[in-house]
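Undergrad: Structure in structure tokens, see below.
Read the figures in this text as sums done on the coordinates, not as results from a lab. Note that the coordinates shown come from a computational prediction; the quantities given were computed from them, not determined experimentally. Here the Cβ positions follow ideal geometry from the backbone for every residue, glycine too, while neighbour counts run over all protein chains shown.
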Amino acid sequence: MNEQHSALRKLAGRLIMIRFPGTELDAATAGFLRDNGIRAVCLFRGNMTDAAQLSKLTADLRAVLGPEALIAIDQEGGAVVRSTWVPAPPAAMGLGAADDTGLARRTGAAVARAVKALGFNWNFAPVLDLNNNPHNPVIAERSFGAAPQRVAELAMAWMEGSHAEGIACCVKHFPGHGDTSVDSHRDLPTVDKRRDELEAFEFAPFRIAAPVAPAVMTAHIVYPAIDADNPATMSPAILDGILRREWHYDGVIITDGMDMHAIAGRYGVGNAAVRALAAGADMVMALGTPQTQDETLDAIALAIAGGTITRARVDASLARLDALAGKYPIEPRAYHEEAADREVMAEGWRRALTGRGNPQRPASGGKVRLVVRQDVVSDGVSEAGVPAARVAESLGRLYDVELVTFADAESFDWPALPRDGRYTILASTSRLRYGPRARATWRPDLHLALWNPYQALDIDAPALLTYGFAAPALEAVNAWLAGELEAAGTCPVPGFA
């Protein structure tokens, strides 16, 4: 590697964010970061075990990345959290169901206090996607709702709370991932709407939030009305044209993970990174392997050398990234507010609780049959759901519980359940929607939709919606079952009246 290319790789390194495996900063990774001038890292669940370990890891990273380090996390709330031992935030749609900007602000602040104490300065939240598609496989309860103005108000309140505690937010996924039926982690979605429809719906919360959002994350989605040839992540018309020139946005634009199949499988990581930066992105999330990260660095370095990415564009991006790191420095501090923050989160889960179809409580101390999925594996975006035994244990505080589990919903024979007078509760603990057989034959007395609220539309039964499965959600359910709490939330998306 010649000296000029090495220098350009270090310049490229300032424009990428990487991930790495493990719970310690090994010598090889530290060397890679140092040798390539990288200052941005995103940590995931596999990088974390507890507060002591994570605090040491972020301190070690800070020593290598330097004073302008950006250490990021996805701590949205609901099922999308990485640090699972800190106070569990309600999902965005739960806050939408509670419909209280003050609560949203206090929640954003509580999330920020926890991640700041662990050594982060950037949180990839809140989500500004509008969810009006019941079959969206990846957004659902991660969205505050379907009304653009109210979603923007709740998200900006959440963001205001975070910023007051010194953690930068990043709104996502611009210009809107809500109305898709494909997960961009797996394929390339299209939102085929006219420009005026996009302006009125998908774009609206991003346009409203743009003046106060320090960073925006791009969506790997094609919007043919604007650019039929490029997903938003690589679209000059969307990133430079709409976001920069029309909306005069001067915050940081960062791509979603470039290892996702929507991008890596179609364009190649190096080529895609160059195209994203040339289109107007400031930072590429190069989350793949050391090999794909090397490929990305080489491609960006060559593009700078050849003028595909101009030095003026590089300097403008570096200035924005420097400003972000300067305004939100990494300053870990003791976490004295944990007990109070747990109360804030518990309030959010309680106020989110939503009834559908006039759910009735089983008799106090009665016999209950609980039907739950066996497996609760992570889908790579969300954390793994709550295990069946944990739900049974929670309900067991109030009832005599018989647990029945199934491996596959479509092959589970609901009519074969004994008709012995037990009150039957279905607890849905995955994001997956139910298929035709379950929709046609499953008839519980009560459906606990403990994750994806749209599952309540699949089963013809009264339902209780929690918008997530964290411990405070189960506690809120028990409080309702015990008659201590009413389900006062209102689901903020169409179809639940």
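Undergrad: May I ask you to sort T354, T101, T405 by Cβ crowding, counting other Cβ atoms within 10 Å and putting the fewest first?
TA: T405, T101, T354
Undergrad: Rounded, prolate or oblate for the stretch 304-351? Axes are the square roots of the Cα gyration tensor eigenvalues, ordered a ≥ b ≥ c, and the cut-off for rounded is a/c under 1.5.
TA: Note, shape of the stretch 304-351 comes out prolate.
Undergrad: Considering only the stretch 353-481, what is the antiparallel percent among its DSSP beta bridges, to the nearest 5?
TA: Antiparallel: roughly 15 percent of the beta bridges in the stretch 353-481.
Undergrad: Kindly write out, for the stretch 190-197 in residue order, the coupling ³J(HN,Hα) from the Karplus curve 6.51 cos²θ - 1.76 cosθ + 1.60 (θ = phi - 60°), rounded to whole Hz, with x marking Gly and Pro.
TA: Calculated HN-Hα couplings, in order: 10, 10, 9, 10, 5, 4, 5, 5 Hz.
Undergrad: Got a sec? How would Y267, Y454 order by Cβ neighbour count within 10 Å, fewest to most?
TA: Ordered by Cβ neighbours within 10 Å, fewest first: Y267, Y454.
Undergrad: What ranking, highest mean first, results for peptides 150-159, 462-471 when packing means the other Cβ atoms within 10 Å averaged over each residue?
TA: Highest-to-lowest ranking by the protection proxy: 462-471, 150-159.
Undergrad: Run through the DSSP bridge list for the chain and note the antiparallel percent, rounded to the nearest 5.
TA: Of all bridge pairs located within the chain, approximately 15 percent are antiparallel.
Undergrad: Would you calculate, for the chain, the mean residue ellipticity at 222 nm contributed by helices, counting each DSSP H stretch of 4 or more residues as -39,500 (n - 2.57) and dividing by all residues, to the nearest 500?
TA: About -11000 deg cm²/dmol.
Undergrad: Search the structure for amide H atoms under 5 Å from the amide H of A72, placed 1.01 Å from N in the peptide plane, and list their residues when 5 or more places away or on another chain.
TA: Amide H neighbours of A72, under 5 Å, 5+ apart: V41, C42, L43.
Undergrad: Between A339 and A471, what length comes free when the chain is fully extended (0.36 nm per residue of separation minus the Cα-Cα distance, one decimal in nm)?
TA: Answer, rounded to one decimal: 46.1 nm.
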